[in-house]
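To start, the structure under review is shown below, and the notes come after it.
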2 protein chains.
Amino acid sequence: MKKLINQPEDFVRESLEGMAAAHSHLIQVHFEPTFVCRQDVPLVNKVAIISGGGSGHEPMHTGFVGMGMLDAACPGEVFTSPTPDQMLAATQKVDGGAGVLYIVKNYSGDVMNFEMALEMARCEGIRVRNIVIDDDVAVKDSLYTQGRRGVGTTVLAEKICGAAAERGYPLDKLVELCRRVNLNGRSMGLALTSCIVPVRATPTFTLGDREMEVGIGIHGEPGRQRLPLKSANEIAEMLTLSILEDSGYTRIMREWDEVQEGWIDIEATDFPFQPGSNILVFVNGMGGTPISELYIIYRRVAQICSQHGLKIVRNLIGSYITSLEMEGCSVTLLQVDDEMMDLWDAPVHTPTWRWGV
Amino acid sequence: MKKLINQPEDFVRESLEGMAAAHSHLIQVHFEPTFVCRQDVPLVNKVAIISGGGSGHEPMHTGFVGMGMLDAACPGEVFTSPTPDQMLAATQKVDGGAGVLYIVKNYSGDVMNFEMALEMARCEGIRVRNIVIDDDVAVKDSLYTQGRRGVGTTVLAEKICGAAAERGYPLDKLVELCRRVNLNGRSMGLALTSCIVPVRATPTFTLGDREMEVGIGIHGEPGRQRLPLKSANEIAEMLTLSILEDSGYTRIMREWDEVQEGWIDIEATDFPFQPGSNILVFVNGMGGTPISELYIIYRRVAQICSQHGLKIVRNLIGSYITSLEMEGCSVTLLQVDDEMMDLWDAPVHTPTWRWGV
């Protein structure tokens, strides 16, 4: 295992200490329990947005804390869910009375712990609602997940909803927007190499010299199939066509209902990516892949989208939701409406993401 | 060799085509000869800044073309200098009469070709001057270089001088500023793994499972020494102390002199990093290292700087000058004055770098 680390068990803490040292004007880093929040909290007259999950996917989520995006992020140990006490402490710290939205990637541990935190916060009189992102078309259920995993669309939802919260959207309208982003987003990923979790010191999985894992999860969990290595164009086609063919998928979303004071299941079928749609294309690196290769993937994704009558109106290319040093990429397509595009363009200022300010 | 590519020989072209597809509102991509320039050229009443070098170091330089940074970049094949005809074509395209500054990394091929392009452009009546960046403290002469290699300070010089050009600095003042940035910047890098040049298909060098190469060049050329793998803290100390101990170095800079109409050597000795200095710390990933590890390095670099009485007033953490998928990092320290800090903060809008707009 070759990494720029000290003791493996100090990986998360020391990385967060580095962030604190580098970005003290933007963020606060708290330990015991661990969470990162923006400097100007509690937030008055603004709904707070909190996300979180296992570490190892940086810059998501801690790099997205700041004006116009997240108000707090709760990092767990590597590939391990954060605990409800982290989420509750973050919630108490940032809420100024306008309520809180939890954006949760669909992994069983994250979902369960954010649900517990939501119930605990509500008991304390803090108004919290949740949206679970489940955008990965690769597999129906996976090693760590009931239903589809939450991946790239999470990044886009955090940017779009973060801008909306900054503009003063009330909690209900923000929940509706975040749900719409999830329903219109789809992702699929692929790995060329495994990653190594620091405390384990051995690769999460093994791939042959000429093999790739298609539909990989962000913790290295198995995907759709293991195939001989293909060209960038074939990879781009495989990922993009899997996404486009998925339009019409029916999903069940579990959300807190404020009228019934309990959890409800909402069923929804959506049909994004019809010819003429405006889309945002997000080509994401898994951590160990250089940006030059991501542009080669983007090149072909853009050609395919054009052939399907889709109009790319925005794009994002880089390593935003990663799996440590894994080599590979994921493609996310999001069908965007005018409101989403406008929010996408809004100012943001976080350790990783800055524009307009 | 596992990469997201098609034919190895199409790597550079297809990556640039992807950039063109993604950022057509910001940049123009030209082939035969190959160069990238900003959309709004030729530039009237503004000195143009051009850089370039072998590909494989992305996002440098092509990702830095746009408002507030470079006006054009000339990418060669992977780890191969671009040719004078590329530089001349870029110069002709962007110059609107206020002159051009070439920012050149000190690699023999780059230096020779940019010098030829400068002479050719001057023959055509375009006023061009040059600054060679030679900030790598690792080795005095290396495989591809006479004198010190040009590495991380190049990125900082492009941002700072780009802002200055945008504000209307005349060519002479811009040359003076760029020289000052070079004199006050120092870098050193380290590799945990090799990279693979696509057309070669085998690693540039080999390292044992518990070895690292200290003082590596950005093409994988040998550094100071090969050592057993150390902790992040020891690595940060090794790189940072090598830089701090280098204050007082005497270098000879070759520049075009407009009075003598020829090349002159300028000797300079500088003493940055005295206690009380304001510095910018740049922790750079080599392409395959995740940002979480860079923050662990930054954490220790910041501690060391503080112990030496240096005040970190700005920082940059991420993969900006890379060696394909190489794992490792480099540290750059730049002693900044108020003018440089002010220019650092100025608006920029390129494919990779955006703030303030």
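The values are calculated or read from the model by the stated rules, or taken from the named source; none is laboratory data. Model, not experiment: these values are computed from the prediction. A quick note on method: Cβ atoms are made from the backbone with ideal geometry, for glycine too, and the neighbour counts reach across all protein chains shown. The accessibility values were calculated without ligands, DNA or RNA, using every heavy atom of the protein model including side chains. Shrake-Rupley method; radii C 1.70, N 1.55, O 1.52, S 1.80 Å.
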Going by the conditions given, is B:ILE196 assigned by TED's automatic domain parsing to the domain that holds B:SER319 and touching a Leu at 6+ places or on another chain (Cβ under 8 Å)?
-> yes
Only one of these is open to solvent by 10 Å² or more (accessible area, probe 1.4 Å), within 21 Å of the chain's Cα centre (by Cα) and either closer than 30 Å to B:VAL100 by Cβ or basic (Lys, Arg) (or both): B:ARG179, B:ARG226. Name it.
-> B:ARG179
Of all residues making up region A:123-145, the number that are without any contact (Cβ under 8 Å) to a residue 24 or more places away in the chain and within 18 Å of A:PRO84 (Cα to Cα) = 2
Whichever residue in region B:149-176 is open to solvent by 10 Å² or more (accessible area, probe 1.4 Å) and more than 17 Å from the chain's Cα centre (by Cα) and, among such residues, is nearest to B:LEU70 (Cα to Cα) = B:GLU166
More than 22 Å from A:LEU241 (Cβ to Cβ), in the same structural domain as A:SER142 (by TED's automatic domain parsing), part of a loop (DSSP other than H, G, I, E, B) and out of contact with any Gly (no Cβ under 6 Å at 6 or more places or on another chain) - does that describe any residue in region A:199-213?
-> no
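To keep it simple, each residue is scored yes or no on (1) under 30 Å from A:MET116 (Cβ atoms); (2) β-branched (Val, Ile, Thr); (3) not assigned by TED's automatic domain parsing to the domain that holds A:ARG127.
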{"residue": "A:ASP257", "(1), (2), (3)": "yes, no, no"}
{"residue": "A:THR289", "(1), (2), (3)": "no, yes, yes"}
{"residue": "A:SER292", "(1), (2), (3)": "no, no, yes"}
{"residue": "A:TYR295", "(1), (2), (3)": "no, no, yes"}
{"residue": "A:LEU310", "(1), (2), (3)": "no, no, yes"}
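Taking region A:326-356 as the search range and keeping residues that are polar (S, T, N, Q) and part of a strand (DSSP E or B), which one is nearest to A:GLY220 (Cα to Cα)?
Once the filter is applied, the top-ranked residue is A:SER330.
Name the residues in region B:240-264 that are open to solvent by 20 Å² or more (accessible area, probe 1.4 Å) and not in a strand (DSSP E or B), would you?
Answer for region B:240-264, where residues must be open to solvent by 20 Å² or more (accessible area, probe 1.4 Å) and not in a strand (DSSP E or B): B:LEU241, B:LEU244, B:GLU245, B:ASP246, B:SER247, B:GLY248, B:TYR249, B:GLU258, B:VAL259, B:GLN260, B:GLU261.
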Go through region A:243-297 and count every residue that is among the small types (Gly, Ala, Ser) and within 20 Å of A:GLN335 (Cβ to Cβ).
-> 5
Any hit, region B:23-30, residues being in the same structural domain as B:VAL128 (by TED's automatic domain parsing) and in contact with an Asp or Glu (Cβ under 8 Å, 6 or more places away or on another chain) | yes
Extreme residue, surrounded by the fewest Cβ atoms within 10 Å (Cβ to Cβ), among residues of region B:22-43 that are more than 12 Å from chain A (Cβ to nearest Cβ) and of a type in the set (S, T, N, Q) | B:GLN39
Looking at region B:131-148, is at least one residue part of a strand (DSSP E or B), in contact with a helix residue (DSSP H, G or I) (Cβ under 7 Å, 6 or more places away or on another chain), open to solvent by 10 Å² or more (accessible area, probe 1.4 Å) and modelled with pLDDT of 95 or more?
-> yes
With respect to A:GLU237, determine if the residue is outside the structural domain of A:TYR320 (by TED's automatic domain parsing) and either within 27 Å of B:SER319 (Cα to Cα) or surrounded by fewer than 20 Cβ atoms within 10 Å (Cβ to Cβ) (or both).
-> no
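Select, from B:VAL155, B:VAL175, B:VAL151, the only residue that is touching a residue at least 40 places away in the same chain (Cβ under 8 Å), within 22 Å of B:TYR298 (Cα to Cα) and assigned to a helix (DSSP H, G or I).
Of B:VAL155, B:VAL175, B:VAL151, the one residue that is touching a residue at least 40 places away in the same chain (Cβ under 8 Å), within 22 Å of B:TYR298 (Cα to Cα) and assigned to a helix (DSSP H, G or I) is B:VAL155.
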Keeping to region B:321-346, report how many residues are over 19 Å from A:MET286 (Cβ atoms) and either within 10 Å of chain A (Cβ to nearest Cβ) or β-branched (Val, Ile, Thr) (or both).
-> 4
Answer yes or no: is there a residue in region B:227-239 that is under 26 Å from B:SER306 (Cα atoms), touching a Gly at 6+ places or on another chain (Cβ under 9 Å) and assigned to a strand (DSSP E or B).
-> no
For region B:39-66, enumerate the residues that are more than 10 Å from B:ILE27 (Cα to Cα) and assigned to a strand (DSSP E or B).
-> B:LEU43, B:ALA48, B:ILE49, B:ILE50, B:SER51, B:GLY52, B:GLY53, B:GLY54, B:SER55
Only one residue in A:ALA201, A:ALA191 is within 14 Å of chain B (Cβ to nearest Cβ) and open to solvent by 10 Å² or more (accessible area, probe 1.4 Å), so which one is that?
-> A:ALA201
In region B:4-21, anything more than 7 Å from chain A (Cβ to nearest Cβ) and of a type in the set (D, E, K, R) is listed as B:GLU9, B:ASP10, B:ARG13
If we keep just the residues of region B:265-320 that are in contact with a helix residue (DSSP H, G or I) (Cβ under 9 Å, 6 or more places away or on another chain), charged (D, E, K, R) and open to solvent by 20 Å² or more (accessible area, probe 1.4 Å), which is nearest to the other protein chains (Cβ to nearest Cβ)?
-> B:ARG299
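Could you please let me know if B:PRO351 is closer than 26 Å to B:ARG38 by Cβ, open to solvent by 40 Å² or more (accessible area, probe 1.4 Å) and modelled with pLDDT of 95 or more?
No, not satisfied.
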